[in-house]
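Okay, structure first, notes after.
Since every read-out is calculated from the coordinates, none of them should be taken as a lab result. No experiment lies behind these values; they were computed from the predicted model shown. Positions of Cβ are backbone-derived with ideal geometry, glycine not excepted, and every protein chain shown enters the neighbour counts.
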Amino acid sequence: MAHKKSAGTTKNGRDSNPKYLGIKVTPGDRAKVGSVLVRQRGTDVLPGAGVSMGKDHTIFAMKEGVVSMSHKRKIHFDNSVVRKKVISVLPA
């Protein structure tokens, strides 16, 4: 028989693994075909010329070249103007 009362369960005993999101190839660097440029949740960065987007919003290079980043004005769903980042791969 136990001689100590049980302490009960804790509510904060969990931790998730890191997801390693963010920009993987910085603007100005060279990118090969298929190299991952940005890992993200949602479309924080939009795909431009020479890149494509996977089903988990990962942006990867379709051509070999130099990575460049620019901005684009988009009309949001609530009619507000949003400035989005656009990443592209330009031929070297």
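Return the residues of region 54-63 that are surrounded by 13 or more Cβ atoms within 10 Å (Cβ to Cβ) and either in contact (Cβ under 8 Å) with a residue 60 or more places away in the chain or out of contact with any Leu (no Cβ under 8 Å at 6 or more places or on another chain) (or both); say none if nothing qualifies. Before the answer, list the steps.
Of the residues in region 54-63, the ones surrounded by 13 or more Cβ atoms within 10 Å (Cβ to Cβ) are 57-63.
Hits for region 54-63 are His57, Thr58, Met62, Lys63.
For first residues located in region 66-78 and over 30 Å from Arg30 (Cα atoms), partners that are exposed (fewer than 10 other Cβ atoms within 10 Å of the Cβ) and lie 6+ apart or on another chain with Cβ distances below 9 Å form the pairs Ile75/Val81. Residues in region 24-52 that are outside any loop (DSSP other than H, G, I, E, B) and without any contact (Cβ under 8 Å) to a residue 40 or more places away in the chain: 4 in all.
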